[in-house]
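The values are calculated or read from the model by the stated rules, or taken from the named source; none is laboratory data. Everything numeric in this text was worked out from a predicted model, so none of it was measured. Glycine gets a Cβ as well: all are built from the backbone with ideal geometry, and neighbour counts include every protein chain shown.
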Amino acid sequence: MPTTASALDLPFDEAISFFRQKTSVPTQTWTDVYAAAHSHSFMVAGAATDAIVADFRAEIDKALEQGTTIADFRKSFDEIVAKHGWDYNGGRNWRTRVIFDTNLRTAYSAGRYAQQTLPETLQAFPFWQYNHSGALHPREQHLAWDGLVLRANDSFWLTNYPPNGWKCGCFTTPVSEGALRRQGKAGPDKSPDIDPHEELIGGVPRQVPDGVDPGFEHNPGRTWLSGGRPFEPIASADQVATFSRRALAGDLPVGTTVPIAEVPPAAAEALELADGARARLSVETIRSHAGRREITALDYVDAAQRVLEAGDLFEGPRGRLSGLTSIDGRDHVVGFKRTRLGEFLVTTVHRARADQVTRIRSWKRLGN
């Protein structure tokens, strides 16, 4: 059976970056930080003080950077427990394995996703293949997905990008058009019916796909690159300009975003966004509007900030979100979108006709 390291091909730089950008969070139970929140938060269930969380975090960081083993981690675990007098649940070997494997596997998963979604990688490898770990006692559903090849943008990967459970060793590999044909496939496989069911987790109803353990129904890399953190500092003009240059140069994964404006509490509540949510500008938006020289990335920033500060955000039919502002004395529409992941993206800035302004102002206002 492959080890964590051998099965996952160690995307070191991205994995380390994913882990180090997390915020440490003391907790009482494992549900205090749930699912996608793990992409921005480091916790050990029941580790309720900053000091003990910091000690565990240092050991996982060491494992990612230096390649320390589970045996090394267990020795450090014993020292941390003795130092803090921590009374933890579960047996020592089981608990250390869960902490060690889960953190490393999700970091490697996020790193792999960041590599696979680079523009040049997607161009050469537009498909991803699900690979079972080869475990001696496999989950039947994970084994059924072994060899499945889907397009990289298939919705399956939103909730089923591995790992898909505790101690799950499944992983993905990129597949080219030629490799797909060599497998005897004329095209990608049919996307599985994941058939989510409702489970009550920590008193909260959650939609969990079949074959996925509760808490794993998210894509760690996508959440890391796209969602951002509540109350994250707004990017400076220089940071946005650098982000835009790197986006156009193809140096950033397609899911990457940058925070450019605060979302007023009233609008955040109406849109069911997290407290401290930020409006974000994506690599995809910058690239898709690269030919429109009259609107720069900094124009997006200025327009989004003015719309949100003035409360000129409106919700129209089918949840369409638009704001109105003036650029050089001319009316402009600023488009926004709330994604399934709870992101709030600025999608467009363009000149507005008089009838568009009238129509948008007739919509429901979501401002201050």
Open item on the list: Considering only residues that are over 17 Å from Val212 (Cα atoms), surrounded by 15 or more Cβ atoms within 10 Å (Cβ to Cβ) and not polar (S, T, N, Q), which ones fall in region 126-143?
Closed with: Pro126, Phe127, Trp128
- [ ] Six or more apart or on different chains, Cβ under 8 Å: which pairs go from a residue in region 199-223 that's assigned by TED's automatic domain parsing to the domain that holds Phe42 and under 22 Å from Glu140 (Cβ atoms) to one that's of a type in the set (Lys, Arg) and in a loop (DSSP other than H, G, I, E, B)? Could you list them?
- [x] Gly211/Arg139
TODO: Kindly indicate the residue of region 15-47 that is of a type in the set (S, T, N, Q) and over 25 Å from Gln115 (Cβ atoms) and also surrounded by the fewest Cβ atoms within 10 Å (Cβ to Cβ) among those meeting that condition.
DONE: Gln28
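So that you can scan it fast, the table gives a plain yes or no per residue for (1) within 19 Å of Ile52 (Cβ to Cβ); (2) surrounded by fewer than 19 Cβ atoms within 10 Å (Cβ to Cβ):
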residue: Ala82; (1), (2): yes, yes
residue: Trp86; (1), (2): yes, yes
residue: Asn89; (1), (2): yes, yes
residue: Thr96; (1), (2): yes, no
residue: Arg105; (1), (2): no, no
residue: Ala110; (1), (2): no, no
residue: Gln116; (1), (2): no, no
residue: Thr121; (1), (2): no, yes
TODO: Would you please list the contacts, defined by Cβ atoms under 8 Å and residues six or more apart or on different chains, that run from a residue in region 21-44 that is in contact (Cβ under 8 Å) with a residue 12 or more places away in the chain to a residue that is basic (Lys, Arg) and assigned to a strand (DSSP E or B)?
DONE: Tyr34/Arg206; Ala35/Arg206
- [ ] Could you check region 292-368 for strands (runs of 3 or more DSSP E) lying wholly inside it with 2 or more residues that are among the charged types (D, E, K, R) and assigned by TED's automatic domain parsing to the domain that holds Ile234?
- [x] 330-338
Open item on the list: Looking only at region 236-253, filter to residues that are within 23 Å of Ala15 (Cα to Cα) and crowded, with 18+ Cβ neighbours inside 10 Å; which one of those is modelled with the lowest pLDDT?
Closed with: Pro253
Task: Odd one out for Leu252, checked against (1) farther than 30 Å from Cys168 by Cβ; (2) within 18 Å of the chain's Cα centre (by Cα) - done: (1)
TODO: Can you tell me which residue within region 70-85, out of those that are assigned to a helix (DSSP H, G or I) and among the small types (Gly, Ala, Ser), is nearest to Gly46 (Cα to Cα)?
DONE: Ala82
Task: Filter result (in a helix (DSSP H, G or I) and either free of Cβ contacts under 8 Å to residues at least 60 places away in the same chain or charged (D, E, K, R) (or both)) within region 86-99 - done: Arg92, Asn93, Trp94, Arg95, Thr96, Arg97, Ile99
TODO: Determine whether region 357-368 contains at least one residue that is more than 27 Å from Ser236 (Cβ to Cβ), among the polar types (S, T, N, Q), surrounded by fewer than 19 Cβ atoms within 10 Å (Cβ to Cβ) and free of Cβ contacts under 8 Å to residues at least 24 places away in the same chain.
DONE: yes
TODO: Look at Ala279 and say whether it is buried (at least 24 other Cβ atoms within 10 Å of the Cβ), part of a helix (DSSP H, G or I) and at pLDDT 90 or above.
DONE: no
TODO: Consider Ala186 carefully, then state whether it is without any contact (Cβ under 8 Å) to a residue 12 or more places away in the chain, farther than 27 Å from Ile99 by Cβ and of a type in the set (A, V, I, L, M, F, W, C).
DONE: yes
Open item on the list: So in region 108-137, with the set limited to residues that are part of a loop (DSSP other than H, G, I, E, B) and at pLDDT 90 or above, which one is nearest to Asn153 (Cα to Cα)?
Closed with: Pro126
TODO: Might you let me know whether region 132-152 holds any residue that is under 26 Å from Leu180 (Cβ atoms) and of a type in the set (S, T, N, Q)?
DONE: yes
- [ ] Take region 84-126 and flag every residue that is farther than 30 Å from Val175 by Cα and among the aromatic types (Phe, Trp, Tyr).
- [x] Trp86, Tyr88, Trp94
Open item on the list: Which condition from (1) buried (at least 22 other Cβ atoms within 10 Å of the Cβ); (2) over 22 Å from Glu14 (Cβ atoms) is the one that Pro220 breaks?
Closed with: (2)
- [ ] Evaluate region 268-278: report whether one residue or more is touching a residue at least 60 places away in the same chain (Cβ under 8 Å), within 21 Å of Leu298 (Cβ to Cβ), assigned by TED's automatic domain parsing to the domain that holds Val346 and not basic (Lys, Arg).
- [x] no
